[in-house]
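> Let me begin by handing over the structure; questions about it come next.
None of the figures in this text is laboratory data; all of them are computed from the coordinates on show. In this text the structure is predicted, and so the values were computed from the model without any measurement. Cβ coordinates were reconstructed from backbone atoms using ideal geometry, including for glycine residues, and neighbour counts include every protein chain displayed.
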Amino acid sequence: MHNRLQASTVSPVVAVIFDCRYGIKGKAHGQKCTVRGYQLGISMRGADRFALCLLRDRRHQRTGVCASQRAKLVRRAVAKHVAGAFWLPHEALIMAEVRAGNSDDPSFIELLNALVRGLTSRHAPDQLWIVQIDNWFDHKWLRFPGTGTKFPQDKLTFPPFTPNRVAGQWSYLRVGDHYTEAPLAVLPHPTKKDPIGAHLQRRVQQFSRSACFVWYSASTAANGRGSVMVYRVADDRVECWYAGFNRKNGWKLHLAKGASRNDIQQLLNAK
């Protein structure tokens, strides 16, 4: 799972990524650490693998060291300090892409990745969040504030999925024209159950001024149907839509709410 630093804290010139076999002692997924003056974010990449992303490098930005030289300095310092670390070229992580899990139909995941590519190429948000929800969900979750809400909400809140339904939360930051996986400190969905009504204070516009949130359903292999829901925030505006897909005669869009079928199809066809 994942994470929120404002994009302004990320070095705009270089985002150095490491792959670590053993991680850093005493540090967990989603946390930050400082190694030789470099602030790094930690995220899980598998059962025994960690990714380290450079979050802040004020020292060399102040002294005017060029981007390529800074990258060499960071790699040298971290590789010597972290057991089993080796550098991954930036190009290895430019794709914000979901991998099919055991319960996913690979063809549905291909559709999902096509939608994500379409969204990022069209809107270029500063942050991208991809959230997996356990099992199928319908369009009634779109703009749903939660049960027991007596009054209309003037600000949109995150859909109140319970923690046991949130199977994964992955975050990416835009670096130039690309997106790099980065562990951000605050999650759209809490990992523990909130007090009643607390989710009404978790407003989308307050989370980020430029972000795209994508929820998708798990268990598509068994269910033969899939859900995708998108909230896009730009400044103080939020656009929301839901797309339902069915595997009958091949995965096809069969329901659209909040956006036209043509608009969603254009995102799917974007290169």
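> So between Ala124 and Lys192, what do we pick up on full extension, going 0.36 nm a residue minus the alpha carbon distance?
21.4 nm
> Quick check: pseudo-label points 7 Å beyond the Cα along Cα→Cβ at Thr34 and Ser107, how many nm apart are they?
Each label point is offset 7 Å from its Cα along the Cβ direction, giving 5.3 nm.
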